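Written out below as structure tokens is the structure these notes cover.
The values are calculated or read from the model by the stated rules, or taken from the named source; none is laboratory data. What you see is a predicted model; the values in this text were computed from it and never measured. Cβ coordinates were reconstructed from backbone atoms using ideal geometry, including for glycine residues, and neighbour counts include every protein chain displayed. Remember, those area values only see protein heavy atoms, side chains included, never the ligands or the DNA or RNA. Shrake-Rupley method; radii C 1.70, N 1.55, O 1.52, S 1.80 Å.
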Amino acid sequence: PSFLPSFTMSKLGVSAAYLREFVASPAFTTEWPPDTPKTTNNVKELIVMEQTKARQCSTVTLLQEERERGWLQWLRSWWQGDLVGEANVFVSHAWSYDFMDVVH
């Protein structure tokens with residue numbers, strides 16, 4: 001409808017390789033606060049917002065910038081794939097659900 005604002009939505013997303021690395025990271029494992037459920041909302045608040053706060057950007061943008069600086073090269077070669085690319089699936093989930101249910 002013409003009364004809705006138009007906008008361009010990025011078609012980029014994170015890869016399964018990135019999600020595997022993310023859930024293996026210290027922030028998600030050893031540094032996670034005890035007795036705090038790993039809901040998608042808690043992951044967003046405790047990890048994603050902290051990672052992206054300084055740049056005020058999305059995770060995808062942050063990863064693209066880091067890739068351009070080159071420090072993620074070793075990670076991409078390890079997983080044999082890019083961490084960011086054009087999305088070929090869309091995953092919908094509830095913020096209150098367990099994050100690992102989204103990953104699996």
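For His93 and Val23, the difference between the fully extended length at 0.36 nm per residue and the C-alpha to C-alpha distance is 23.5 nm.
Evaluated at q = 0.27, 0.31 Å⁻¹, a Debye calculation over the C-alpha positions of region 1-51 (equal weights, vacuum) places log10 I(q)/I(0) at -1.14, -1.28. Given a Förster radius of 30 Å and the C-beta distance between Leu12 and Asp35 as r, what FRET efficiency does 1/(1 + (r/R0)^6) yield to the nearest 0.05? That gives a FRET efficiency of 0.30. Of the residues Ser58, Ser96, Ser25, the one with the largest accessible area comes first in the ranking Ser96, Ser58, Ser25, computed with a 1.4 Å probe on protein heavy atoms. Remark: the Thr61-Glu45 segment gains 4.0 nm on full extension, using 0.36 nm per residue and subtracting the alpha carbon distance. Taking 0.36 nm per residue of separation and subtracting the current Cα-Cα distance, fully stretching the chain between Lys53 and Met100 would add 14.6 nm.
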